[in-house]
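Trainee: My questions all concern the structure below.
We did not get these values from a lab; they are worked out from the coordinates using the rules stated. These numbers come from a predicted model, not from an experiment. Glycine gets a Cβ as well: all are built from the backbone with ideal geometry, and neighbour counts include every protein chain shown.
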Amino acid sequence: MRLMPVVYIVSYLLITSIAANAGQEVIVLHTPPDRTVIEYDILNLSLEVTKGAVDLIKVTVDGKDRKEIVPDLGFECFSVILNKLGTSTVEVSAFKGETLVATFVRNVFRRSDLVGEYRKPPLSFKISGFHMEAHPECRKCHVLEVSGYDKKPISPSTFASEKFSSEQIFAATSTCYSCHKSITKKPYVHGPASVWSCLSCHDNNAAIRYSVRKPVKDVCYGCHVEQKKEWNSKKYIHGPVNVGKCTICHSPHSSNYAFNLFKSTWDLCVNCHAEKATGQHVLGDTMFKKGHPTKGRKDPVRIGKELTCASCHNPHASNYPHLWAFEVNDVFELCKKCHFDK
């Protein structure tokens, strides 16, 4: 008789395990794998859903609700935003009525060259290399091989004036658009991305398929020819430019900030120049020991703009000390560019 409680417990655990496995089968999370690494703030997810088995899919990032989907297809492919750098926990929950039928948890590391502590992922994390695998489940709806349309014969000088009447044209002329369309949704869009000329930067023959050709600066200078000539002729070159890492500061797809910057100018600069983050900049051995403001004021030279680091410094290259943006050789000459009456 003493065996009966044990039998009941074993039976309960077996039934629970079977039910849990059955639940997992009604929905499959194909991508991303757990402990994956991404470069930017957009994470793509792809789910295969048994028709009629799920009424609602909820997605949370670090415990915060991000997306709700009522599945009506065999597959649900979408993206969520990872606002923070470092590790985020993404949870996908599937419901039938009020009943939770499946849950998937993925730990994702968003890396960045801009902030030192997030340049290298934890040892157990790695870039998944989605396009390195066949993914037969995706081929039911998508073409996974690029075509000639993905490197459009458009002069870089025409990017700004290119106008398309509808997103249907993008979909018809880009293999990449259907899965990656969210990368161009921000206000400032990089030229090649705006016309979905993805192979202008991404290499179909790279070891990690469709990764960007290296070094990045050679890719950028393929279009930015005049900038290359100008900056290389200067006496002083800003560190990221000198080492050819344009994407430390600039998003190659789209951004909320002018010039495709990852952050506002001031916030971007103090990521590296942390000693200036007080908003007061001590000007060498001058009399201004309290420091000069670096934000929160109107720019007296660039009318209509706010004072930032770029009011005085060129972010790329200069012939003048400290990357000064004006033709001056000492700090007092620099001051006079704004303080005319002094």
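Trainee: Quick query: amide H of ILE38 versus all other amide H atoms, modeled in the peptide plane; which residues come in under 5 Å with a sequence gap of 5 or more or a different chain?
Mentor: Here the answer is PHE109, ARG110, ARG111, since their amide H atoms fall under 5 Å of that of ILE38.
Trainee: How far apart, in nm, are the 7 Å Cα→Cβ label points at LYS58 and ARG213?
Mentor: 4.8 nm
Trainee: On to the next question. Once phi is turned into θ = phi - 60°, what whole-Hz ³J(HN,Hα) does the Karplus curve with 6.51, -1.76 and 1.60 give for every residue of region 58-69, x standing for Gly and Pro?
Mentor: 10, 10, 10, 10, 6, x, 9, 4, 10, 7, 10, 10
Trainee: Only loop residues by DSSP count here, and only those with at most 16 other Cβ atoms within 10 Å; note down the trypsin sites (Lys or Arg not before Pro) in region 66-123 that meet that.
Mentor: Values: sites: ARG66, LYS67, LYS84, LYS96, ARG106, ARG110, ARG111, ARG119; in loops: LYS84, ARG111, ARG119.
Answer by residue number: LYS84, ARG119.
Trainee: Can you tell which of HIS224, VAL241, PHE259 lies farthest toward the positive end of the dipole of region 205-286, using +1 and -1 charges on the Cβ of basic and acidic side chains (Lys, Arg; Asp, Glu)?
Mentor: HIS224
Trainee: Another one. When the chain is fully extended, how far beyond the present Cα-Cα distance does PHE340 get from ALA206, taking 0.36 nm per residue of separation? Kindly include the intermediate steps, with their values, before the conclusion.
Mentor: Values: separation 134, 0.36 × 134 = 48.24 nm, distance 5.48 nm.
Contour length minus the Cα-Cα distance gives 42.8 nm.
Trainee: Between SER124 and LYS67, 0.36 nm times their residue separation minus their Cα-Cα distance comes to what?
Mentor: 17.8 nm
Trainee: Given +1 on the Cβ of Lys and Arg, -1 on the Cβ of Asp and Glu, and no further charges, what dipole in debye does region 264-336 carry about its Cα centre, rounded to the nearest 20?
Mentor: Rounded to the nearest 20 debye, it is 300 debye.
Trainee: Using unit Cβ charges (K, R positive; D, E negative) and no other charged atoms, how large, in debye to the nearest 20, is the dipole of region 47-123 about its Cα centre?
Mentor: Values: 12 positive and 11 negative charges, 78 e Å.
So the magnitude is around 380 debye.
Trainee: Could you derive backbone 3J(HN,Hα) for region 82-87 from the dihedral phi with the Karplus parameters 6.51, -1.76 and 1.60 (θ = phi - 60°), listing whole Hz in sequence and x where the residue is Gly or Pro?
Mentor: Values per residue, Gly and Pro as x: 9, 6, 9, 7, x, 8 Hz.
Trainee: While we're looking at this one, here's another question. Could you list, in their original order, any pairs among LYS67/LYS298; LYS185/LYS214; LYS186/LYS336 whose Cα atoms are separated by more than 29 Å?
Mentor: Cα-Cα > 29 Å for LYS67/LYS298; LYS186/LYS336; rest within.
Trainee: In addition: Would you list, by chain and number, the aspartates and glutamates whose Cα falls below 12 Å from the Cα of LYS96, excluding same-chain residues fewer than 8 positions away?
Mentor: Filter leaves ASP55.
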